[in-house]
1. I'd like to check which strands (runs of 3 or more DSSP E) are fully inside region 201-272 and have at least 1 residues that are surrounded by fewer than 23 Cβ atoms within 10 Å (Cβ to Cβ) and assigned by TED's automatic domain parsing to the domain that holds LEU170.
2. List pairs: first residue in region 306-329 and surrounded by 18 or more Cβ atoms within 10 Å (Cβ to Cβ), second residue charged (D, E, K, R) anywhere in the structure, Cβ distance under 6 angstrom, at least six positions apart or on different chains.
3. Looking only at region 85-99, decide whether some residue is aromatic (Phe, Trp, Tyr), farther than 18 Å from ARG281 by Cα and within 27 Å of the chain's Cα centre (by Cα).
4. If the requirement is being under 30 Å from THR290 (Cα atoms) and surrounded by fewer than 20 Cβ atoms within 10 Å (Cβ to Cβ), which of these qualifies: LYS117, LYS149, LYS69?
5. Go through region 273-305 and give me each residue that's buried (at least 19 other Cβ atoms within 10 Å of the Cβ) and hydroxyl-bearing (Ser, Thr, Tyr).
6. Would you be able to say whether some residue in region 310-321 is part of a helix (DSSP H, G or I), among the acidic types (Asp, Glu), at pLDDT 95 or above and farther than 20 Å from GLY404 by Cα?
7. Looking only at region 378-401, decide whether some residue is among the basic types (Lys, Arg), buried (at least 23 other Cβ atoms within 10 Å of the Cβ), outside the structural domain of ASP158 (by TED's automatic domain parsing) and outside any helix (DSSP H, G or I).
8. Identify, please: which residue in region 346-367 is buried (at least 19 other Cβ atoms within 10 Å of the Cβ) and out of contact with any helix residue (DSSP H, G or I) (no Cβ under 9 Å at 6 or more places or on another chain) and is, among those, nearest to ILE28 (Cα to Cα)?
Amino acid sequence: MPDSVMADKPSIDVEKIRKEFPILSQTINGKPLIYLDNGATTHKPHCVIERVRKFDSEEYGTVRRGAYKLSEHATWLYEEARQKVADFFGAPDRKEIVFTSGTTQAINLVAYSFGRKFVQTGDEIVISNIEHHANTVPWQVLCEEKGAKLRVIPVNDDGELVMAEYEKLLNPKTKLVAVNHVSNALGTLNPVKEIIGKAHAVGAKVLIDGAQSSSHMKVDVKDLDCDFYTFSGHKMYAPSGVGGLYGKMELWESMGPYVTGGDMILQVTLEKTAYAKPPARFEAGTPPITQVIGLGTAIDFITAVGMDNIFEYEKSLLNYGTQLLQGIDGLTIIGNAREKASIISFVLDAAHPHDVGTMLDQDGIAVRGGHHCAQPTMIRFGVPATTRASMSFYNKFEELDALGESIQKVIKLFS
C-alpha cells in the first residue's frame, strides 16, 4: 500500500465493522466474497437484522390506527425512527420527513405534488447530464404534460458539472432544479450548496437526489438550504422498500397528496375529503413499518461509526483504488472529477463491461456492469456501459488489490 494512503488512513476498525455484516463471511465460487456493488445496494449489519426480526416476531402492529398496546408501541417506534432520520439529516422538524419506498418514489412524489401544482406552460426545469433515470424521467413526463421545458446542465470530460453553463440556464422561468448530490455512474460529488444558492437567487426550488450520498458523508439539509432531499434505506445498510424525502414544511403544506387512501385524511364524506397535515398527508395506506424501524437502527449504527470517519476512510479507498486501476494498461476510468465519492467506473479495451462483471464474479468479486440507469451519461462519454466498483466502509484495501489482479486476468483472457 502506498505510503501516502497509509499516512492518510483514518482510525476505523474495518475488521471489527466487517464482523457485524454476516453476508461478508461467505464464499462465492470458492472465493471470499468481495462486495463492490454498494452503489446499487448495501448489506445489513447484525443489529438491523436482529431489530427487524425482533419487531416482526414480538412487537409488530399497525401504526396510528389502534388503541391497543401493540399498535401504540409500533407507532412510537415508527415515529422515533422518523426523529432519527430528521436528526441524521439535520432537519429542523421530524414532520418534514416523509417516508416513501425509496428515492424513486420520493422524486415522483415531488414531480406529482409540487410539479403539477406549481409548474406551468413555458416554465423550465433544470437537471444535469449525469442523473439517474429516476431523476430524469419524472421531469420529462411532467414537462410533456405541462408544456414546460427541460434544460440540462452539461458536464466536462472529467464528469464535473459546467457551473458557468448552469448559471446561464437559470432565469425567472426556472421553477425547479433537480440534481444528484453524487453521481451513481461516475461518483462525481456535485457542489450542491452552490447549485442551491444560485437557483434560489432566481426564485427556483431545488431537489437534491441523495441516494448516493446519504450513507457516505454528513448531510445537513438546513445548512444546504435545499427544498427537498431524497434518500433510500437500502443504500444506508437498512432494509429495502423504505426511503424518504425531506421537504421544507411550507412546501409540504402547500402541496396536495401524491397517493390517496387511508390514514392521509382528516375527514371523508361522499361529497368531499379534508386532508391530514404533513407528513401523514403523504403517507397513505399502511406504511413499511418494519423497514422504517430497521432504518432507524441502521442510522444508529452508522452514526456510531461516525460519518466523518466513514467519509475519510472511503476517500482513502477511492484514492488507493484509483491509483491501482490507473496503472493497468487497457483500462480507462470514466469520471475523474476532482471531488468524488467512493465510486470508480471504468472500461476495458479488451472486454465489454457485462463480460467483465461475469468474469470477476468467478473470483468472488461483485461489481456492476451496465449503464447504471444513467444512459444519458453513457452517451455523453461515448460508451455503451461501464464496470463500476462502488465501495463502503466495510471494504478493505486488500479487496481492491484482488480486484486489480482479477481485472488483469480478464485482460489476459480476452486479449
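The values are calculated or read from the model by the stated rules, or taken from the named source; none is laboratory data. Owing to the predicted nature of the structure, the values given are computational and were not obtained by experimental measurement. Glycine also receives a Cβ, built like all others from the backbone with ideal geometry; neighbour counts cover every protein chain displayed.
1. 205-209, 265-268
2. SER316/ASP8; SER316/LYS9
3. Checked against the condition, which is being aromatic (Phe, Trp, Tyr), farther than 18 Å from ARG281 by Cα and within 27 Å of the chain's Cα centre (by Cα), region 85-99 yields at least one hit.
4. LYS69
5. Within region 273-305, THR290, THR297 meet the criteria.
6. Yes, some residue in region 310-321 is part of a helix (DSSP H, G or I), among the acidic types (Asp, Glu), at pLDDT 95 or above and farther than 20 Å from GLY404 by Cα.
7. Taking every residue of region 378-401 in turn, at least one turns out to be among the basic types (Lys, Arg), buried (at least 23 other Cβ atoms within 10 Å of the Cβ), outside the structural domain of ASP158 (by TED's automatic domain parsing) and outside any helix (DSSP H, G or I).
8. Here the residue is GLY357.
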